[in-house]
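Report on the structure given below.
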Amino acid sequence: MSEEANPFESLQSQIDDAAAYLDVGDDVIERLKHPERVLETNLTVELDDGSLGRFKAFRSQFNGDRGPYKGGIRYHPNVTRDEVKALSGWMTYKTAIVDIPLGGGKGGIIVDPSQYSEAELERITRAFAAELTPMIGVDKDIPAPDVNTGQREMNWIKDTYETIEDTTEPGVITGKALDSGGSEGRVEATGRSTVIAAREAFDYLGRDIADATVAVQGYGNAGWISAKLVEELGATVVAVSDSSGAVYNEAGLDARDVKAFKNETGSVSGYADADEELTNDELLTLDVDLLIPAALENAIDAELAADVKADVISEAANGPITPGGDEVLAGKDVVVIPDILANAGGVTVSYFEWVQNRQRFYWTEEKVNAELEAIIGDAFDALTGAYEEHDLENFRTAAYVVSIQRVVDAFEEAGTFP
Ligand code: NAD
């Protein structure tokens, strides 16, 4: 990976690419390229040995024109202010492309969670939740999980918020465990939309996803669920990876079995039923029909894109392809289903969770999955509609054309205050 793109600059360049096709003033577009506000805070937390730890944390509220800010909280040593700003922008256009009444936000703590005990992580999370409490709320800003956070952290944040505010408000955060007000289908939602969108793209190309070979980069929540669901559609998952490396089997891996192995050993490397171990770059350049990047940003830059052999890429991760990479892939007619649509299942089922929390009335998994299927299908149709209408170079620009217009419409109807 030679080109280390700044994700915030990537976001802004994606907006510029789409703006060229929209009848929207430069001043309005400029407004849509920056967050409305960003909290930067230093958390002081007592560690198990009695010393004090300091952790820098961020929450970016990018745009609230279409509804409360919405987006996950990431724990990672490489979290930066610009990364959080970019992720909050992508959330804005993600909620818009799937047309749910929410805006965009994102948070992160600079921390390597593997270095801390569960008790320390709870104190770190509760310290951040206390800082966030004045700015979040069921109608203000609704966080969710992201990389290295999950139901456990969401439950702690909900409990901290409810204790400070002396209320019961499960809808203040999504991605909770079922017993704490979570939704059926939320854990699988990101992988599910990644696969629904891929299936739609294969249909659009007149191909059947059941005949596809698939490689998946990253075997966490988004990656492993994508592998499992694409396998259920009949496709053959030939390679998967995590930060330890990649495993390959030409005849197909068993997604569930690889997951059980990773649960046991902590990584996919060493999985016995693999023909070969590969590097992550080798996985990304395999000759497969479908590639699912499900790890972190900037996995595919211009140099690596030149070697990509997949026909379709469905972005489970946020920002896995740099703008330079996008250009190279478009030149090779690789169909890229952009993150803001492909992984929008996570935020869409978070929205369903919020709706159920507010109604205090819970849906079945079948209902959740059927509603998700309809929303991703409609979003894909809106995307291909814009792609054909403007004769665009790629699906990403089409997704931004649709979503920016939706944010602009809401902004212009509201006007400016004061
Ligand atoms: P996760 O922490 O569960 O999994 C991340 C996986 O990526 C792990 O298996 C890790 O080992 C692997 N990984 C890290 N660096 C890697 C590398 N260089 N090469 C290969 N693998 C690597 O996180 P997740 O929730 O699955 O999120 C993955 C991506 O999906 C992120 O970009 C996240 O923003 C995006 N996403 C997640 C959700 C969600 O609901 N979980 C929703 C939308 C988008």
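Remarks
- The chain - Debye-derived log10 I(q)/I(0), Cα point model, q = 0.06, 0.07, 0.09 Å⁻¹: -0.22, -0.30, -0.51
- Difference of contour (0.36 nm per residue) and Cα-Cα distance, residue 370 to residue 179: 66.5 nm
- Length released on extending from residue 381 to residue 130, taking residue separation times 0.36 nm less the Cα-Cα span: 86.2 nm
- Distance between the pseudo-spin-label points of residue 272 and residue 112 (7 Å out from Cα toward the beta carbon): 3.2 nm.
- Set 70/158; 33/94; 262/332 screened for pairs whose C-alpha atoms are more than 25 Å apart: 262/332
- Restricting the calculation to alpha carbons of region 34-180 gives Rg and Dmax of 14.4, 48 angstrom.
- Take residue 349: with every protein chain present and a 1.4 Å probe, its accessible area is about 0 Å².
- Residue order for 277, 120, 184 - accessible surface, 1.4 angstrom probe, largest first: 277, 184, 120
- Computed accessible area, residue 24, all protein chains, 1.4 angstrom probe, square angstrom: 20 Å²
- Using the Cβ-Cβ distance between residue 6 and residue 412 with R0 set to 45 Å, the FRET efficiency from 1/(1 + (r/R0)^6) comes to roughly 0.90.
- In a DSSP loop and with at most 13 other Cβ atoms within 10 Å, the chymotrypsin sites (Phe, Trp or Tyr not before Pro) in region 271-372 are 361.
- A DSSP coil position with no more than 16 other Cβ atoms inside 10 Å describes the following trypsin sites (Lys or Arg not before Pro) in region 324-377: 332, 360.
- Tail fraction, Cα-Cα pairs, region 363-418, threshold 14 Å, whole percent: 65 percent
- Separation of region 143-164 from region 193-258 is 30 Å, based on Cα centroids.
The values are calculated or read from the model by the stated rules, or taken from the named source; none is laboratory data. Source: prediction; values computed, not measured. Heads up, the Cβs are rebuilt from the backbone with ideal geometry, glycines too, and the neighbour counts pull from every protein chain shown. The accessibility values were calculated without ligands, DNA or RNA, using every heavy atom of the protein model including side chains. Shrake-Rupley method; radii C 1.70, N 1.55, O 1.52, S 1.80 Å.
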